[in-house]
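The values are calculated or read from the model by the stated rules, or taken from the named source; none is laboratory data. Predicted model only: the values in this text are computed from it and were never measured. Every residue, glycine as well, gets a Cβ built from its backbone with ideal geometry; the counts of neighbours run over all protein chains shown.
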Amino acid sequence: MVYLLLFSVVILGGLLAFVVKNKDPQYVKLLLSFSGAYLLSIIVFHLLPGVYKSPDKKIGLFIMLGIVFQLILELFSHGAEHGHRHKFSNKAPWLVFFSLSIHAFMEGLPINEGNHLHSSYLYGILVHKLPIAIVLTTLMINAHYSKTRIFSFLLFFAAMTPLAAYVGATFDFMLTYGNYINAFVVGILAHIGTTILFENEHSHQFNIRKFTLIFLALIIAYFS
């Protein structure tokens with residue numbers, strides 16, 4: 001069921017992109033704000049206390065390495081993971097797809113660590129993936145990709161996170177090195193969450209809808 005949810009939310013986002021296209025990009029920005037705040041709250045309330053259960057200076061190192069790793073991925077993805085709408089190249093999109101797929105795989109590893117479902121984290125990833133799938137599909141539509149090409153990538157992209165969740169539940173390396181891997185993923189997602197929140201509103205004016213969604217995401221994450 002978990003794997004199906006992770007897979008389906010990406011396909012749903014892709015289908016929504018075809019339905020609404022560019023009619024109202026504001027709703028995507030608001031959805032991104034909610035997802036960024038929710039993801040960041042899940043990190044602070046759930047993941048960070050877990051990785052710091054035992055004092056280990058290496059945990060901080062792996063968090064910083066995760067941030068640097070995400071910065072490197074964004075050299076190729078151009079920030080599509082957090083909603084940037086740079087135009088896709090028709091000639092060489094494979095580096096973008098490859099970097100996005102690596103990101104999707106890494107964020108799936110903590111979900112089923114040693115057959116222990118991190119349900120709060122799962123919800124955070126699901127909320128994160130829906131607007132990202134909408135943005136990615138919209139970018140491909142605007143780049144005039146064929147529907148076959150778009151859904152081929154979406155199917156591959158959608159499979160990455162459930163595959164990683166399966167790997168985390170099946171192989172013993174997560175039991176041995178899971179704390180460091182989780183810290184690495186915390187760094188990746190902390191960068192994503194903060195970037196969504198701080199770059200989503202370029203006017204720097206108070207937006208009551210955005211603020212309300214961020215506050216709502218915080219409350220839901222706290223009680224999840």
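For the range 109-148, which residues satisfy the criterion of being among the polar types (S, T, N, Q) and either within 30 Å of residue 49 (Cβ to Cβ) or touching a residue at least 24 places away in the same chain (Cβ under 8 Å) (or both)?
112, 115, 119, 120, 137, 138, 142, listed by residue number.
Yes or no: the range 2-14 includes at least one residue that is surrounded by fewer than 19 Cβ atoms within 10 Å (Cβ to Cβ), within 23 Å of residue 163 (Cβ to Cβ) and not hydrophobic (A, V, I, L, M, F, W, C).
Scanning the range 2-14 turns up at least one residue that is surrounded by fewer than 19 Cβ atoms within 10 Å (Cβ to Cβ), within 23 Å of residue 163 (Cβ to Cβ) and not hydrophobic (A, V, I, L, M, F, W, C).
Could you run through the range 185-204 and say how many residues are of a type in the set (S, T, N, Q) and modelled with pLDDT of 75 or more?
So the answer is 2.
Within the range 63-78, is even one residue modelled with pLDDT under 75, in contact with a helix residue (DSSP H, G or I) (Cβ under 6 Å, 6 or more places away or on another chain) and surrounded by 17 or more Cβ atoms within 10 Å (Cβ to Cβ)?
yes
Condition first: of a type in the set (Lys, Arg) and buried (at least 21 other Cβ atoms within 10 Å of the Cβ). Can you find one or more residues in the range 116-138 that meet it?
Looking through the range 116-138, at least one residue is of a type in the set (Lys, Arg) and buried (at least 21 other Cβ atoms within 10 Å of the Cβ).
Being surrounded by fewer than 19 Cβ atoms within 10 Å (Cβ to Cβ) and more than 30 Å from residue 50 (Cβ to Cβ) narrows it down to one of 105, 151, 98, so name that one.
151
Given the structure, is residue 101 within 18 Å of residue 192 (Cα to Cα), polar (S, T, N, Q) and at pLDDT 85 or above?
yes
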